[in-house]
1. Would you look at the GNM of the chain, springs on alpha carbons closer than 10 Å, and say which of 128, 151, 84 moves the most?
2. If packing is taken as the average count of other Cβ atoms within 10 Å, what order do 104-116, 180-192, 4-16 fall into, highest mean first?
3. Mind telling me which of 214, 31, 237 comes out most flexible in a GNM of the chain, alpha-carbon contacts under 10 Å?
4. Residue 197: which lysines have alpha carbons under 20 Å from its alpha carbon, excluding same-chain residues fewer than 8 sequence positions away?
5. Going Cα to Cα from residue 178, which aspartates and glutamates come in below 13 Å? Please leave out same-chain ones fewer than 8 positions away.
6. Would you calculate the volume per residue, in Å³, of the smallest convex hull containing every Cα atom of the stretch 92-250?
7. Compute the distance in nm between two label points, each set 7 Å from the Cα along the Cα-to-Cβ direction, one at residue 23 and one at residue 187.
8. Which residue fluctuates the most in the chain, going by a Gaussian network model with Cα springs under 10 Å, if the choices are 98, 51, 162?
Amino acid sequence: MADRTFFVGGNWKCNGTKDSIVELIDQINEGPSIKDAPVEAVLGVPFPYMSLVSEKLRDDWQVSAQNCWTGDGGAYTGEVSVDMIADCGAEWIILGHSERRHLDVLKETDETIAAKAAYALGKGMKVMYCIGELLSEREADQTLAVCERQMQALKEAVSDYSNVVIAYEPVWAIGTGKVATPEQAQEVHEAVRSWVKENISPEVAESIRILYGGSVSPGNCDELSTKPDVDGFLVGGASLKPDFLKIVDSYK
Ligand code: PEP
């Protein structure tokens with residue numbers, strides 16, 4: 001396998017209370033240190049709790065936001081700027097999650113997501129850039145076309161990929177319990193890496209981490225992680241439980 005450090009991101013989405021979060025962080029902090037382990041573990045936390053998690057979480061783990069504003073702060077009521085996210089102790093931002101792309105009240109476009117990524121990277125943040133097809137798109141044989149379109153938008157906005165991780169999250173697998181088979185995941189990851197090789201550079205293709213997301217659990221992570229182009233996971237539901245530690249452990 002290529003020399004890419006395994007990466008496990010958790011996405012808490014719009015879940016949690018101060019009490020439940022402190023309980024979960026205490027359980028994570030009691031787990032084994034990953035300081036010298038070949039794995040990065042990052043928690044995607046709702047904005048109001050980022051400072052709390054940054055203060056309490058052991059420093060071999062990292063904190064991520066789940067979205068950001070497209071540029072500098074200012075007269076943008078209700079938005080949260082990249083500077084604020086950094087100020088609250090987060091190093092990462094999840095962008096282009098399918099819920100932000102597809103929920104009717106959000107409908108973020110490829111261009112908006114790519115603009116956010118470019119701005120955040122320019123500010124020194126790291127980005128988990130999510131791509132993936134709807135079930136109807138898979139059934140219409142559009143999986144790779146959709147992923148490539150989403151990658152193309154990123155390419156048009158970004159030139160340095162050293163702080164980018166791609167998360168391939170088929171929308172039909174998110175929160176549904178219908179996990180992609182290891183073969184389905186590998187097929188898309190390999191195709192995305194080939195696209196990166198041809199359209200960005202062989203060096204970026206070799207080094208960029210491509211995570212799988214969609215109903216990853218302690219029961220299926222080990223098999224998925226055997227695939228050569230699966231460099232880790234982005235995990236929703238299962239990241240809200242102490243069992244998440246077992247998914248982090250699947251780097252072994
Ligand atoms: C996600 O929210 O990114 C996700 C993959 O969710 P789940 O693991 O619950 O399917």
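1. 84
2. Working: 104-116: 15.0, 180-192: 18.2, 4-16: 19.8.
Result, highest mean Cβ count within 10 Å first: 4-16, 180-192, 104-116.
3. Looking only at 214, 31, 237, the biggest GNM fluctuation is shown by 31.
4. 155, 227
5. Within the straight-line cut-off, residue 178 pairs with 169.
6. Numbers: hull volume 17.9 nm³, N = 159.
Spelled out: Cα convex hull of the stretch 92-250, divided by residues, is 112 Å³.
7. Between residue 23 and residue 187, the simple spin-label model gives 4.1 nm.
8. Between 98, 51, 162, it is 162 that shows the largest mean-square fluctuation.
Where a number appears in this text, it was derived from the coordinates with a stated rule and is not lab data. No experiment lies behind these values; they were computed from the predicted model shown. Reconstructed Cβ throughout: ideal geometry from the backbone, glycine too, with neighbour counts over all protein chains shown.
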